[in-house]
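K.L.:
Dropping the structure in here first, questions after.
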Amino acid sequence: MKFQGSLENLLRWSKSHGAYFDNVEFAIDRDKGVHGILKNEISLDEPLIIVPEAIFITPELAKRVFGLDNPIDDLSLLLLAKLKFDKKETLIDGNSLSKMYEPYIAFLPDSCLEIGLPSFWTDDEQELLKGTDAYPRLKRTREELFERWNSLMSLLNEQKKLDVVMQEAPLCENSLSWKSFEAFSWAYSIYCTRAFPNFLRKQSERSINGGFLCPIVDLLNHKNGEKVTWTCENNSFVFKASAKHIRSGEEIYNNYGNKSNTDLLLNYGFVLNDNESETTTLTLKVEERVIEAVNKFGLKLPEGSSANGICFNLSLVTPLPKDLLRFMGFLHQLSSEKNQYTLRMHLEGISRLRDILASRIATFRSWKVGEHGNINKKTIELVKRYRSSQKSLFQRAYELCDSIEKSLIQKYKPLSLQKALKVDTEFAQRLTFIFGTNKLDEIEKKGLSDQVLLLFIMRCRNLRPAGDSPLRFISDTYENVRATIKITKEDVLEYSDLYHSLFPYLSQKIPEIFAVGDYSARSMIIAGTVVDRIVFKRKVNGELYLLQKVILE
Ligand SMILES: C[S@@+](CC[C@H](N)C(=O)[O-])C[C@H]1O[C@@H](n2cnc3c(N)ncnc32)[C@H](O)[C@@H]1O
């Protein structure tokens, strides 16, 4: 952290070039670093900070120094690295830029380590992020930066051998060569954490995604949702904050854009507690043919979806996107539901999604910091906060699965097996004889629910319920399956043991039920398909439902 002296020096320097911030005081503390505090309350449209263009560091300046025109940010980074690390003065039209910017450069954090972007953490520290959204992105950043630096060096005819080793955490000591990858990494970290978008200065060039450095305004910390305005007028950067909510003595925040903790962590090296803009990614993998079928079915998948992964974005506002729910439902479509999206698919999809979310949460819960390794304590704390905010989002999505499932059950009121058995008390009473209990929860605990369902479905068919009976749709579904099913050898093998464990024993012991109608092995196989088509098990309480086909919009 910088000392008060270098901050005062910077403030004096900026004022001598015409910067204005009379109602702002800048302070340094251990947790917040440098930050701005409101000295006097002012009216809403009064600027808090004005910085003249003369002290910006811009791509145009870099272009003039190097006499090159390409690529926009990389030359700016090189200029910054030159201003900090080059022992020789950087001159422009005979004037020394090094002297001009000395108070600003001297104030900036000295090393990548101090700036703290995860891309420059030690390998052991980076491993702490494994399994989060940040991990693959931070690996890419470092590699891309290395490529950018390499091409810049070729441009300057300074081509380094490609086997230059990327150091674990570039040290950025003052003795570094200004053209080194380490110096470039330092400049990148400074730009990443402090630069403003170029299009603010050149409104006509919105496509320019590079940045410029604007001293003083870059001393303000960030808060999501803070109402601030940035404008470039009369050759100056004008910063206004909605000072309505700020009292004198309180911190003035900037707003770097409402960002998720992954973005804040990777680009600024911190995270926010209770971040309202938090997002996370749920990546699901399916085969290419499934993706084709999903597209054909007309479901929208996130951009870039492929067999390598479909990345659904979960946010605090929308923890469970509709497209994700539909996709999960589609994965459980049966051939009898071709071109349809049914309540059963929807419930089954939600239930499976809940399992996936539960396993993500369990992975977050079981995460532990290894005992050894080159790891800074502050980094551990930061990663813990980041992981905890990501876990909360998965947790929220998980809880939402439960509440959506509950409201669907309340809305469509499907027939529970419990209720269905009340319609056929004769069958229900025999359950104690067959399974040792007629309590469904005990039967479920013994893992015998499937047998109850098969027997009950065969029974429903043999009962031939009347048109207005709540059990009628079960026998209708049975008939439907019977008319179309093609029984294979595998089906016979699958049900053989179970069938012979129950029959002819049941037909002999309870003939009033199991000797009336068709209780053949074939009938059990048909009932098995009926179970697939109509049964839904609510995992929260183990309750079994028999669903009539409901097609959802
Ligand atoms: C533009 S600078 C702001 C001034 C900075 N505090 C300093 O000491 O120079 C951005 C850096 O400030 C820190 N920062 C900004 N907002 C923060 C916040 N809300 N919580 C923690 N750190 C923050 C981060 O290190 C970030 O990379």
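None of the figures in this text is laboratory data; all of them are computed from the coordinates on show. What you see is a predicted model, and the numbers here were worked out from it, not measured in a lab. Here the Cβ is made from the backbone with ideal geometry for all residues, glycine too, and neighbour counts use every protein chain on show.
K.L.:
How many times 2.2 N^0.38 Å is the alpha carbon radius of gyration of the chain?
P.N.:
Working: Rg = 33.4 Å, N = 553, 2.2 N^0.38 = 24.2 Å.
Normalised Cα radius of gyration, the chain: 1.38.
K.L.:
Same structure again: Relative contact order for the chain: what is it in percent, counting Cα pairs under 8 Å that are at least 6 residues apart?
P.N.:
Numbers: 753 pairs, mean separation 70.2, N = 553.
Relative contact order for the chain comes out at 13 percent.
K.L.:
Also, I was wondering about something else. Once you list every other residue whose beta carbon is under 13 Å from the beta carbon of W13, what net charge do they have if Lys and Arg are +1 and Asp and Glu are -1? Please report the intermediate quantities before stating the final value.
P.N.:
Values: positive: R12, K15, K99; negative: E8, E102.
For residues surrounding W13, the net value is +1.
K.L.:
Give K99/K378; K322/K413; K391/K413; K202/K227 a once-over and call out the pairs whose C-alpha atoms are over 26 Å from each other.
P.N.:
Working: K99/K378 35 Å; K322/K413 22 Å; K391/K413 33 Å; K202/K227 22 Å.
K99/K378; K391/K413, as the Cα separations exceed 26 Å there.
K.L.:
Could you give me the ³J(HN,Hα) list for the range 329-346, computed from phi with Karplus coefficients 6.51, -1.76, 1.60 and θ = phi - 60°, whole Hz, x at Gly and Pro?
P.N.:
x, 4, 4, 10, 5, 9, 5, 6, 10, 3, 6, 10, 10, 9, 4, 4, 4, 4
K.L.:
Next question. Can you give the convex hull volume of the alpha carbon atoms of the range 415-546 per residue, in Å³?
P.N.:
103
K.L.:
Continuing with this model, one more query. Which whole-number percent gives the relative contact order of the range 279-412, counting Cα pairs below 8 Å spaced six or more residues apart?
P.N.:
Details: 124 pairs, mean separation 32.5, N = 134.
After rounding, I find 24 percent.
K.L.:
Let me ask something else about it. Can you tally the net charge around E276? Count Lys and Arg as +1, Asp and Glu as -1, for every other residue whose Cβ sits under 15 Å from the Cβ of E276. Walk me through the numbers before you get to the answer.
P.N.:
On the way: positive: K223, K227, K259, R396; negative: E226, D263, D274, E278.
Here the charged neighbours net out to 0.
K.L.:
Another one. Debye calculation, C-alpha points only, no solvent: report log10 I(q)/I(0) for the range 279-412 at q = 0.09, 0.11 Å⁻¹, in the same order as the q values.
P.N.:
The calculated log intensity ratios at q = 0.09, 0.11 Å⁻¹ are -0.33, -0.47.
K.L.:
Please report the net charge: other residues with Cβ closer than 9 Å to the Cβ of V540, K and R +1, D and E -1. Mind dumping the intermediate values first?
P.N.:
On the way: positive: R354, K406, R538, K539; negative: D402, E405, E543.
In short, +1.
K.L.:
Ordered by residue, what ³J(HN,Hα) values in Hz, to whole numbers, does the range 500-510 give under the Karplus form 6.51 cos²θ - 1.76 cosθ + 1.60, where θ = phi - 60° and Gly and Pro are x?
P.N.:
Values, residue by residue: 6, 6, 9, 10, x, 3, 5, 5, 7, 7, 10 Hz.
K.L.:
For Q4 and E287, what is the calculated FRET efficiency with R₀ set at 56 Å and r taken between the beta-carbons, to the nearest 0.05? Don't skip to the end; give the middle numbers.
P.N.:
Working: r = 61 Å, r/R0 = 1.09.
Efficiency at R0 = 56 Å is approximately 0.35.
K.L.:
Hey, another quick one. Using the alpha carbon gyration tensor of the range 241-316, what are the three equivalent-ellipsoid semi-axes (square root of 5 times each eigenvalue), largest first, in whole Å? Walk me through the numbers on the way to the answer.
P.N.:
Working: eigenvalues 320, 33, 15 Å².
Taking √(5λ) for each Cα gyration eigenvalue gives 40, 13, 9 Å.
K.L.:
Just for the chain, what percent of DSSP beta bridges are antiparallel, to the closest 5? All intermediate terms of the calculation are to be shown ahead of the outcome.
P.N.:
Details: 38 of 39 bridges.
Restricted to the chain, the bridges split so that about 95 percent are antiparallel.
K.L.:
Please list, ordered by chain and number, the residues whose modelled amide H lies under 5 Å from the amide H of L415; skip anything fewer than 5 residues away on the same chain.
P.N.:
L546, Q548
K.L.:
Based solely on its DSSP helices, what 222 nm [θ] is calculated for the chain when runs of n ≥ 4 H residues each add -39,500 (n - 2.57) and the sum is averaged over all residues, nearest 500 deg cm²/dmol?
P.N.:
On the way: 22 runs with 268 residues, N = 553.
After summing the helix terms and dividing by the residues of the chain, the value is -15000 deg cm²/dmol.
K.L.:
With contacts defined as alpha carbon pairs under 8 Å and 6 or more residues apart, what's the relative contact order of the range 415-546 in percent?
P.N.:
Details: 113 pairs, mean separation 40.8, N = 132.
Result for the range 415-546 is 31 percent.
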